[in-house]
Amino acid sequence: MLELQNISFDVNGDSGKKEILHDINLTIEDASFVVITGPNGGGKSTLAKLIAGIEKPTSGKIIFDGEDITELNATERAQAGIGFAFQQPVRFKGLTVHDLLSLAAGRDLNTDEACVYLSEVGLCARDYVTRELNASLSGGELKRIEIAMLIARGTMLSVFDEPEAGIDLWSFQNLIRVFTAMRDATNGAVVIISHQERILEIANKIVVIAGGHVTGIGSKEEILPGLLGQSDACAFYRGVVSL
């Protein structure tokens with residue numbers, strides 16, 4: 001489905017060019033559940049943005065369903081079937097939750113249809129469907145609404161940047177169920193950026209990125225024991241929230 005070929009990404013700073021990602025090679029198959037993890041600042045979120053078209057690689061190619069999409073922007077990639085959920089969801093003043101879900105679905109949803117999507121992410125639907133996407137919504141509520149939006153879109157490839165943030169009051173098992181249902185409904189793939197152990201445990205493939213490099217890739221049986229057994233170098237795995 002998705003293939004990253006020798007992807008590198010540089011930025012220009014005050015001290016000159018800085019390499020964020022170097023020579024990333026990764027294949028994401030249909031019907032897969034891939035979790036990308038690693039230390040903070042290693043390049044995980046940048047990689048997600050490169051897949052979504054928010055950023056463009058300095059070098060390398062991105063192939064989606066056999067087509068080179070390297071030069072396509074975020075809108076064009078969304079039209080091609082790639083969905084993206086931000087680590088910090090965007091607020092849209094003047095736009096209601098119903099409006100957002102209708103835009104995602106590509107048609108004007110009736111209230112009952114919109115409520116179905118909201119119920120899928122654990123929200124009391126009729127309390128939210130007419131709400132405006134502004135500061136009155138918490139980060140956790142916006143996170144769930146954004147997940148509902150991707151469910152409504154039915155994308156072949158859905159990319160989530162730390163979706164577990166802010167869902168303390170919602171059953172973590174429901175979050176996992178939603179991701180599994182999304183994958184099964186489209187026979188597509190779900191890619192998640194996460195440090196959460198329970199998400200790592202349900203992955204078909206775990207990709208570890210540190211210092212801009214892929215430092216590990218394989219099944220959860222191959223990768224997870226090493227991650228959880230590492231010492232201070234990977235202390236970010238300690239104290240993982242058990243929801």
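Bear in mind that the values in this text are calculations on the coordinates, not laboratory data. Note that this is a predicted model, so its numbers are computed, not measured. Please note: Cβ atoms are built from the backbone with ideal geometry, for glycine as well, and neighbour counts cover all protein chains shown.
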*Return the total of residues in the range 84-132 being assigned to a helix (DSSP H, G or I) and of a type in the set (Lys, Arg).*
1
*Pairs only if they're at least six apart or on different chains, beta carbon under 7 angstrom, first in the range 1-27 and touching a residue at least 40 places away in the same chain (Cβ under 8 Å) and farther than 30 Å from THR155 by Cα, second outside any strand (DSSP E or B) and of a type outside the set (Asp, Glu); list them, first residue then second.*
GLU19/GLY212
*Which condition number does ILE145 fail, the rest of (1) in contact with a Ser or Thr (Cβ under 7 Å, 6 or more places away or on another chain); (2) buried (at least 17 other Cβ atoms within 10 Å of the Cβ) being met?*
(1)
_Residue list for the range 54-81, restricted to those being within 20 Å of ASP30 (Cβ to Cβ) and either in contact with a Leu (Cβ under 8 Å, 6 or more places away or on another chain) or exposed (fewer than 15 other Cβ atoms within 10 Å of the Cβ) (or both)_ = LYS61, ILE62, ILE63, PHE64, ASP65, GLY66, GLU67, ASP68, GLN79, ALA80, GLY81
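Would you confirm whether or not the range 80-87 contains a residue that is aromatic (Phe, Trp, Tyr) and under 21 Å from ASN187 (Cα atoms)?
Restricting attention to the range 80-87, the residues satisfying the condition of being aromatic (Phe, Trp, Tyr) are 84, 86.
From what's left, under 21 Å from ASN187 (Cα atoms): 84.
Checking the range 80-87: at least one residue is aromatic (Phe, Trp, Tyr) and under 21 Å from ASN187 (Cα atoms).
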